[in-house]
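To start, the structure under review is shown below, and the notes come after it.
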Amino acid sequence: IWERVEWDKVPFGTKVRVWWDNSEVKYIGRFLAYDKDDVELPFFVFIEHIKDTNWYDHCEIIEEEEDE
């Protein structure tokens with residue numbers, strides 16, 4: 001069942017999976033911020049294994065136990 005996420009209430013550092021619309025690659029990282037006014041790239045996430053921080057257009061919360 002799909003649940004609507006209130007991204008402005010998601011805790012800093014929550015484990016998430018992110019990707020861009022035009023990419024098949026998905027990254028696992030840590031949620032940093034959400035910009036409700038940005039309709040194109042609202043999710044700011046730190047990707048641990050590549051030491052990068054970027055804005056993404058798709059984001060989903062995942063369980064802490066899930067492998068990268």
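The values are calculated or read from the model by the stated rules, or taken from the named source; none is laboratory data. Predicted model only: the values in this text are computed from it and were never measured. Methodologically, a virtual Cβ is constructed for each residue, glycine included, from the backbone with ideal geometry; neighbour enumeration extends over all protein chains shown. For accessibility, only protein heavy atoms count, side chains too; no ligands or nucleic acids. Shrake-Rupley method; radii C 1.70, N 1.55, O 1.52, S 1.80 Å.
Note on the stretch 14-37: residues that are open to solvent by 50 Å² or more (accessible area, probe 1.4 Å), part of a loop (DSSP other than H, G, I, E, B) and out of contact with any His (no Cβ under 8 Å at 6 or more places or on another chain) total 7. Taking residues in the stretch 1-21 that are more than 16 Å from Val39 (Cβ to Cβ) and of a type in the set (Lys, Arg), and partners anywhere that are open to solvent by less than 70 Å² (accessible area, probe 1.4 Å) and part of a loop (DSSP other than H, G, I, E, B), the pairs with Cβ atoms closer than 7 Å and at least 6 places apart or on different chains are Lys15/Ile62; Arg17/Ile62.
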